[in-house]
Every structure is written in structure tokens, then in C-alpha cells.
Amino acid sequence: MITHDRWQRIKAIFNSAQDRPPAERSDFLNEVCGDDPSVREEVEALLTADAANDDFLNSPAYEFAAGMLAGEPAEFPAGEKIGRFEILCSLGAGGMGQIYLAHDENLGRKIALKLIAREFATDARRVHRFEQEARAASALNHPNVCVIHDVGRTETGRHFIAMEYIQGITLRDQLARGTFKPLEALQVALQVGAALASAHAIGIVHRDIKPENIMLRPDGYIKVVDFGLAKLTEALPEQRMLADASTQVLTEPRTLMGTVKYMSPEQLREGPVDERTDIWTLGILLYEMLTGATPFEARSRNDSVASILAPEPAQLAFPEEIPLKLREIVKKALEKDCDERYQTVLKLTADLTSLKKELEHSTGGYSAIVPVIHPSPVPYGGERIFTRLKTQAILTADSLFAEIRAHKTATAIFAGASGVLAFLLFLPAAARWVNGVFDPAKPPDQVKSTVPSWPMRQFTHSGTSVSAAISPDGKLVAHAEEQNGKQRLLVTGTATPGWTVAVRPEDKVKYLGITFSRDGTYIYFTRTENNSAGILYRLAWPGNAPVQIKKGVDSPISLSPAGDRFAFVRFTRGTEYALMLANIDGSNEEVLATRKDGDKLSVYGLAWSPDGKTVVCPESRWKPDYHQNLIAFDVNNKSEEVIGGKSWFQILQLGWQDDMKGLIISANESSSSPFSLWRINLPDGTVQQITSDPAEYQGVSISGDKIVTVRTNLTWDLWIATPGESQAATHIMSGNGVYYGLAWTSRGRIVYSSMARDKLNISRINPDGTDIVQLTSDAGDNYTPAASADGRYIVFTSSRNGSYNIWRMNADDGSDPVRLTDTNGNFYPSVSSDNEWVAYDNQATDTKMSVWKVPMRGGKPVKIADKYRMPVISPDNQLVACRYDEDSDADDVAIFPARGGRALRYVKVPKQEFQWVRWFGDSRHLSFVKNDNGYSNIWSYDLDTGAEKQLTNFNSDQIYSYAWSPDYKQVACQRGTKISDVTIISER
Amino acid sequence: MATRSSDGITQLLERWSNGEEKARDELMPLVYNDLHQLAVTYLRRERREHTLQPTALVNELFLKFSEQHRMSWQNRAQFFGVAAQLMRRILVDYARAHYATKRGGDRFCVSLRNIAAFGAEPDADLLALHDALNGLGEVDEVQARIVELKFFGGLTIKEIAEVVGISHASVEREWKMAKAYLKRELTRTKKPS
């Protein structure tokens, strides 16, 4: 017990020390406590405790005790209603509060409800930061991230997070069952890495990755939970600045025992934390999965802290069988100095991926990580968490869709994928066929239903698949992958474990279609080589060289039932599309049907019926609006018949079911809906939707009850780049699905078009990523925004009146929309620098493009040029730069006088689909997008010297749109990635 | 209109504030209901205003008693002192009961975590603080009282200066040291489980 005198002495010294600057305190204490080291110790301890400057006792007791006083139960019983949530059962205690399985009335489904314990929510600033972060995290749309549906407060003031309910076990549970094999650990780490990368891309660092926050689902999916939650426990920036780093760690009561071993050195020092902290923790996880222990385990917490903070590298001890390369990766992730570590998760996962490929190669196939879980009952509704063990990553369509819908709800502004836009942007051959003419969405003209729950299985994992076909016996899948602008052809077995052979190496070719021969011995493939017309080959694999069968095959082929003939479509530029038949060796070709004058036959797929009588091929027509139908062409008498009453916007591939009771097609209903799989029931023509998520399903190949397709997920990011400064690009936002068109107003705002509630809508955002305002809503699709030089107006294309017209609205809030054109098919507006008129192109009436201009105030449009599109007016108002009609092969941009007349000159810049050029302020330079090695950058073209110069420094992704800042010093780029994998869907 | 029981409360409060300890025990169950109601209101308001308002519960208690129960306090300060003590008693008693149910009375560990010093077990932390505050009171009565007024009473430094009758700067100084001391004590009492 401390005596009164001693207390008074300590108090006096403490108070005097308080009056001195920290640097002088040590000398002062030496001086006054010279005779009694224990007093000095006491005072120092008090000074240290005082220096932490936290919220200790700063809020009155009743704030945290209010819940207790109000008689709130420690746990909510089943059936209890908390606002719109009805508690179903408790799922256990999480780090910051109890988690319940609950039914959400708004969402109409089960969710996991985390009620944050009151004591974590007493500091308003922290709560604010947490809410901000959680809202940001709720925009994360990634299959490996647990979706946050909602963040808010209950009626009694409890903070809650409503999130995706994940049926599974934690990585901690799985670790308790033993260590992981290298490949298994890689699979987990790669999925966690993918989740982190998506979060880092929007500036969210998880900060609290640990086995408890990683869920393993029985289907092999890994989900990372609690993004954003670390904000509740973290020191505020000002506290970090004031804290003394060396003493803070050991006295700060903030850190929980047990989590220290996952903390990075910089986190323990309470310094600024960035994505490299997550990289550190991922390293710890890898180590723990491989060895069963964490690298900094010690007898006490303080010893752990000390060894993490020590400058010496971690002492890592791996079991013998761990490959050297994997050890190196872990070591690099666990560099004490974060500058020595992997700098981005993507770099780490790139190494993991290449190692994984090596390991798979050496073990002859991949093994999916499947948690070994025994069925265990959950206390609600008699449901069992795991009804069966699965040997591969199988997604049931049900769970997948639930998940995707969940994503959609959570990210209402950006969810969805746009059908034809994605299609136009990603299918290279599309341009010559569709010409970018869109039709307004039409209501489905026939009753359709959704097929419930067809099991779905992701079959390839490269993310780069372009097309696929399954062998008639269902044992093999031939598929093409694209990397760096080159494609290769692979064959993979469908049995487990699968194996893969590359049957054609990487080359500058594009595979249009792949078809197995009826007996499975040959693979027929059509491909273009250096933008040639399509060439059909036959390949007896493995090991043999392909044999060229026929040139002028511009579509996939479909074999007759006997396999002795094949059907295909030939496109002759400027003249016609022909549906052809030929013998299997290419001889004896005959024309079954033709289309011209704008009507077209699809070059994406056709299907010879199992009874041999008809070939079904989609056709497109312009009248009354652009649409497609399925046509059955009779092989013998060449008669034609429309199948089903439903019109489509676009049909890609199709296949017959063996019994001829159904046709499976990949198609979309409107320009802004994704390609889904559908079944057309025959003979009545009714339609069932098989897939209904925002992913694109491109391709149909059928064997028995299996449908092979390519499933594509699109993600995009908005970057601001500063040409001239290497690597100077800032990420400002990201989302899912394609968005289309970008402008930078003279008022300093970036205007873009993206999917919002299943339609393309125009929004604006500040270049620092703040202040997002949606400018259009409930008015059809709205895209290709252009800004007027005075910053007052946005001019854009809108389908709100049922046709595609040019409109203008106020740039700040989207008010006062005014329609400027009344002909259909008007796109790509550009505003003159005197704000007097708008140039645009007209694509609707026929296949000939034309460029027009119309006064900004409204009035009669005047034609400027034929055969051109995408006009862009020069800043001096004298010139209009246009792209050639896409049907032509020309790389040329033509420059016209703005007043009209013949082209003044042509400029050869690479043809890049759906990319218009931009002017620089001097009206003497153009910028354009150039695609090299599978990724794109912005280049400039000097009109006087013809010199080209690379301006941006990206080394991944495609640039879909870009816009220069008003001073031309910065450029906003919309860059995207698509993840495409072969997926097998089984019919129920 | 004052009811019979609230007349009782007034008298009990006055008796207790005059040093009659027995009055407190009679007072507790009577005040508890009011406090409970206030806590519920407090939580609702917190939600409505979407911000944590440091409105002192005791202030409301004071208003309530002075207006409804025609109390004749010499000043607000006197009441605050009593109310803070009362709050401490109520919270500690409540925590003790709560904690005992949860742990079967077996107290083994105090976990101090982040925010405002109180962690997943506010009851255990509160009891530890109560003990440490008793310890402080034995060597420095003024500091202990300041803590009681500040933390349990929710008073501002200025109000405390009024109640205790010392300068604003002195209250700051004492409060600073008391906080450091308690924090150190609480960290020190942490025992392995």
C-alpha cells in the first residue's frame, strides 16, 4: 500500500514533469528521484499511461452501461425482432459482438447479423470511420468477399452489420484438423489474395486477416469476412501521432491477446498501415497452413511482440516437402521492412499462381481444397450445414445466383453487366457485324420462367477462356485461352482429377468456334489469323499438326448428324451473309440461304438438328427495330421458319438437346442485359431462363445433360493518370460490369456511364473519388457523355423515348433534359468549343454510317460526312476527326472541316474498336488508344510530324474510355478486366 | 404531481446527502426504475440524433427530481455529488449481479480493450475500476471524487470545479493523474486466465 507521503511526492513529480517538454523529462526525473528509483519507476509508468492519450474514461460510465441498465439481454432469443430483422438463431460470438442468423424483411432472405457490442461504439469518430469504411466495403463485389448488405443502427441504438450468411467453417476450424498440402494452401491463399486485391483496388485495407475471418465453404469457395471492421479498434490518426511508438506497444491495452501474432511490425508500431500489412498477414496464414504454427509464437505476448518488431528476419521452419519456391514466397511476404515485402497482393498472387501451375503440372492435375467437414446440425429449422461432401468446386446455380443477387443488392449503383456493350467491347469479331446499333429494351413478348437451380461448376481457372466445346461422350473439353493478345487451344479431361494438354500453342489468332467430330477423334476449329477471314482446320490430337479444310468459314461449324457434312456462315464484306453447307473435307459447298441490305445471319453460332432436317441460325433485322430471331432453315427444300415468338437483341451460340425437345441458346433480351443461357422448349416455343445473374454466358456446347459455356465476370476501375510522370496513376473507383463513356467537365468533374439498376446511367464524380452524383435515372439507357466547354451541359445518348437520340442535360444535377435529335440510332455526341452545336453519328437507317451536327439549342440536323462515325470536334472549332465505318478494314481517322465538305486528310492510327480519338488543346495533336500485348495505353499523334508518343504507363487491362482534364495534364481512364472461365452446367 | 413514493425518494435523497448511509439502501430500488427509463430514453435518443450525445443522465435525473419532486437542494452541485455516487453504486451493484450470473461468481480475469477502456466485459471492467477507485480514494480522496463526478456523474470539468470547490486547472491536473493511475492499476491487475 502506497503511503500518503509517498503519493504526495509522486504527485508533485508527476505534475512537474507534466509541465516540462517530453525531451527534458528524463533529466528532470534523474534529478528529483535520484535517491529513490522506485518513485521514478512509478512516475514513469504514470507518464507512459498518460501519454497514450486514448479515450480511457473519457466517456461517462452510463454510455457503455446504458445497454446494461436498459435491460438489454446479453443474447437475443430466436423469434426476437430487431427492427426489420428476425433472429433465427445465434451463430456465436465474433470479435466485436454477437452474430445471429436472421431473416431480413427488406431483402427477404437469411443474413448474418452482427450486433456490435456497445463498448465498441462509444467513440463517435471511430464509429463514423467504421461506418464509412463499411459502406465502402459494401461496394466490394467479389466472390471471395463476404457481402455487406447494410450497416446501420437498430432502434435501441445498436450498431449492426447485415452481411451475407456463409455456410461453412472458419479456416481456424480447418487448421485444427491439421496442416494443408502446398497446393491446398495455395488455393486458399489465392482466393484470400483475390479478395484482398479487390479491396485494395478501392483503397480498403483489411487490417485484421486471421483464420477466424476466413470462411471455407463446402463447395471450395473461400470468403473473407469483416472488411472494414478493424476501423472500430484502430487508433485514430491523431492518436498515432501523439503516441510514443516504443512504449505504446507494451502499455497499450487496446490489443487483444491472441491477435498479436497476425499483426505486422508497422501495425504494432501503430504507424500508418497500408495493403502491405495484409500481405504480411497473408504470409503468416500461408506459413500457418503449411506448418500448423505461426512464425512469431512465443511464451508471452510481449515476447511475440518483441520478435515481430525485431529487425532480424522471421525464423521460418518448414516441413521437408514444402517446395523451395513456396518458402521464398512466404519469406518475402514476411519481410520486416514493408518496402522489402511484396508491394501489392497481385504481385504475391502472381507468384503463387505460377507456382501453383508448376505444382499442378508435376502432380498431374489440380486438387481443389475441400474442407473435410462432417455433417453437423445447425439449430435452425433442422437444416444441415453440409448435406454432402464434394470433391471439386461445384457451385450450384442456386447458391451462385443467391450470391450474385446479393452482390447486386449490395452494390445497386454499379451492379449488373451490360450485354451488348460487353459484347461489343470484348468480342473482337463483333464490330463488323453489329455496328453498334442498339435497340431499346422491350418487354419479353412471351411468358418465360426460370429453371430452378441447375448445378454449375467452374471448369477452368485461368480467367482467360474465350471459347469451349465438349466432346460427344462428355469426357473432354476443348477450349481456347487468350493471353497478351495471343490465343492457344487446350484439351482438358472432365473426370477428376482433370488433366490438360495444349494442342495448339499460343499464336496471334482468334478461335471463332471449336467442334468435336461425332466420334470425338477430331477437333474442328475455325480461327482468324492476322484479321484474315475465318479458316477451318481439322486436328487429330494429340501431337498432330492441324489440317486446313477450308477458307472463308466465318463462323463456328455445326456437323450433320452423320458427321459427313457441316454448316457454316460466310460473310462477304459489303455484300452478303450466306448460310452454307459443305462436305466434311470442304468440298461440294452449297448455299442454303443469304441475307443482305443490312439483314444479317449470325457468325457466332448455328446448330444442325439431331434429325438432320434443319439448320438453325439466328438472323438480325432492322425493321421495325433492330432484333434477332432464330430461323430454322430446311436443308432439303431451303424453306425457312421462325422458331418461337420471342425476339432477342443478340443470340450468340446455340445447341440442340438430343431429344429435340429443346434448344439451348446464349442470348440477351436487350442491349443492356447480359448474355444468359435460355432453353427454348419445342415445339411450343416457350422460353425458360437458365442463368439470371449479371455474368455473361457466351457459348453453348452440349453433351447429354451437360452444357459447356464460357462465363465472364467484368470488373472495371477508374484511374487518373498524369502523363510524363512514370507510374503516376491514381485509382479512384471501381465496380462490376461495363461502363461506357467518360467526359471531364471544365468544372472539374468526371462524368461516366455505368450500370445502375439494370440500365446504363450517367453519374459524375470528383477526380479525388468523392461526391458521386447520379445524373440520370429511370430513363432508358444513357451513355457516351460529352461535356460542353462552358461546363454547363452534358450531351449524351439516351433511349428514354424508345429510340436512340442525342440529349442534353445540366451538368451539375442532370436537370432539364432536352432532346436534340429525333432520328433513331444517334450516338457519340461531341460539343463544339463555342458550345453552339453538337456533332454525332447516325447508325440506324442502314449499314452506312454518317456524321451529323445539330445546334445545341435544338434545330435541324445537317449531315457532315458519309461512311464515318464517332466525330470529335477540335478545340479551335475548325475540324472534326472521325473514325471510318467499322465495316472497313482501314485504320484511318479522317479529318473533316467542321463546316462540312471533303476530308482534308487521313491519319493512320490503330483501329481500336469503339474508341474515338481525342483532340489536344492545340488542335494539332490527337490521342488514341493502342493495344499491345493484351493491354492498352494512350498515345498521342502529332498532326504536323506524324510522330507517335506513348503517354500512359499501364501494363495491364484494357482502356475502354478515357477523357482529358480541361488543362490536358491528366487523363481519366476507365480500365477493365474480364475474368472468363469455362463453366459446366448440368441439366436437372 | 408527486406521488407518495416519489415523496419518499426526495426524503431519502436528502437524508442520504446529509450522511445517512442507510437511506441509500432504501433509495436504490426506488431510483432504479427511473434510471432504467432514462437509460432506455438515452438509447433511443442516441439513435434518433445519430450521434453520441454526452448528455449527462444525472442532469436529467436532477431536472426530473427538482421539477417533479419539488426538491429543495441547496444547489445543483450537491445533487450532482449525490447522483454520481448513486450512479456508481447502481452500476457497480448491477455489474456485480450481472457478472456473478455469468461467471457463477468466479472472477478470474479483467480484460481491458480499446475504446473508453471497456471491453467485451463491461461488468468485469467496471468492478475492477471500482476496486481501483477505492484504492485511489484511500491515498487521494479528491482525485477519487473527481473520477466519480466525471466518469460516473458525467460532469464537465467546469461543473466539477464548482462541486469540489477547486480551480478549473486543478481539476484538470488531478483528473489527468487519476486517469493515469487507474489505467496503470487496471493494466497491472490483469492476470493470466
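For A:Gln343 and A:Thr823, what does the FRET efficiency come to when R0 = 56 Å and r is the distance between their Cβ atoms, rounded to the nearest 0.05?
So the FRET efficiency works out to roughly 0.60.
Would you mind ranking A:Asp866, A:Asp822 by Cβ crowding within 10 Å, fewest neighbours first? Write down the numbers at each step before the final one.
Working: A:Asp866 10, A:Asp822 13.
Final ranking by Cβ density, sparse to dense: A:Asp866, A:Asp822.
Report the label-to-label distance for B:Val142 and A:Asp36 in nanometres (one decimal), using points 7 Å from each Cα along the Cα→Cβ vector.
About 1.9 nm separates the two model spin labels.
Return A:Arg135, A:Arg902 ranked ascending by Cβ neighbour count within 10 Å, so the fewest neighbours appear first.
Ordered from fewest to most neighbouring Cβ atoms within 10 Å, A:Arg135, A:Arg902 come out as A:Arg902, A:Arg135.
Over 20 Å between C-alpha atoms is what I'm after, so list which of A:Lys210/A:Lys261; A:Lys661/A:Lys706; A:Lys853/A:Lys969; A:Lys867/A:Lys911; A:Lys638/A:Lys706; A:Lys331/A:Lys356 land there.
A:Lys853/A:Lys969; A:Lys638/A:Lys706
Skipping prolines and chain starts, which residues have an amide H placed within reach, meaning under 5 Å, of the one on A:Leu91, given they are 5 or more residues away or on another chain?
Here A:Ile99, A:Tyr100, A:Leu101 satisfy the definition.
How are the alpha carbon pair distances in segment A:456-507 distributed across 10 Å bins from zero to the largest one, expressed in percent?
Computed distribution, short to long bins: 25, 58, 17, 1.
Checking the a/c ratio against 1.5 first, then a/b against b/c, what shape does the Cα gyration tensor give for segment A:149-213?
Cα axes put segment A:149-213 in the oblate bin.
Which length gain, in nm to one decimal place, applies between A:Asp634 and A:Ala298 when the Cα-Cα distance is subtracted from 0.36 nm times their residue separation?
Using 0.36 nm per residue and subtracting the Cα-Cα distance, I get 113.1 nm.
Around A:Gly463, which amide H atoms from residues at least 5 apart in sequence, or from another chain, sit under 5 Å from its own amide H, with H modelled in the peptide plane?
A:Ser980
Taking a spot 7 Å from the Cα of A:Asp659 along the direction of its beta carbon, which residues of segment A:666-705 have an amide N less than 19 Å from it?
It comes to A:678-690, A:702-705, nothing else.
Calculate the length of the line joining the C-alpha centroid of segment A:169-213 to that of segment B:134-164, in whole Å.
48 Å
So, in nm, how far is label A:Val907 from label A:Glu641 when the simple model puts each one 7 Å beyond its Cα toward the Cβ?
So the label points at A:Val907 and A:Glu641 sit 5.6 nm apart.
Could you work out how far apart the two model spin labels at A:Gln483 and A:Asp705 are, taking each label as a point 7 Å from the Cα in the direction of the beta carbon, and quote it in nm?
3.6 nm
Shape call for segment A:251-354 from the C-alpha gyration tensor, a ≥ b ≥ c root eigenvalues: rounded (a/c under 1.5), prolate (a/b greater than b/c) or oblate? Write down the numbers at each step before the final one.
Details: a/c = 2.11, a/b = 1.35, b/c = 1.56.
In terms of gyration-tensor shape, oblate.
Near the amide H of A:Thr730, under 5 Å away, which other amide H atoms are found, from residues 5 or more places off or on another chain, if H is placed in the peptide plane?
Placed amide hydrogens put A:Ile720, A:Ala721 under 5 Å from A:Thr730.
To make sure I understand, if each residue's beta carbon is the centre and we count other beta carbons within 10 Å, what order do A:Cys338, A:Cys146 fall in, fewest to most?
A:Cys338, A:Cys146
What FRET efficiency would be calculated for the residue pair A:His361, A:Ala317, taking the C-beta separation as r and a Förster radius of 25 Å, to the nearest 0.05?
Between A:His361 and A:Ala317 the formula returns 0.35.
On a C-alpha basis, how far is the centre of segment A:638-698 from the centre of segment A:916-985 in Å? Whole number, if you could?
Computed from Cα coordinates, the inter-centre distance equals 36 Å.
Take the alpha carbon atoms of segment A:796-839, find their center, do the same for segment A:743-778, and report the distance between the two centers in whole angstrom.
Here the two parts' Cα centres lie 16 Å apart.
Taking the inverse of the average 1/r across all pairs of different Cα atoms in segment A:594-645, what Kirkwood radius in Å do you get?
11.6 Å
Using the Karplus curve 6.51 cos²θ - 1.76 cosθ + 1.60 with θ = phi - 60°, what ³J(HN,Hα) values do you get for each residue of segment A:282-290, in whole Hz, with x for Gly and Pro?
3J(HN,Hα) across segment A:282-290, in whole Hz: 5, x, 4, 4, 4, 4, 5, 5, 7.
Output wanted: per-residue J couplings in Hz (rounded whole) for segment A:602-608, from phi through Karplus 6.51 cos²θ - 1.76 cosθ + 1.60, θ = phi - 60°, x for Gly and Pro.
Values, residue by residue: 5, 9, 9, x, 8, 8, 7 Hz.
Where a number appears in this text, it was derived from the coordinates with a stated rule and is not lab data. Since the structure is predicted, the reported quantities are computational estimates derived from the model, not experimental observations. All Cβ positions, glycine included, derive from the backbone under ideal geometry; neighbour counts span all protein chains shown.
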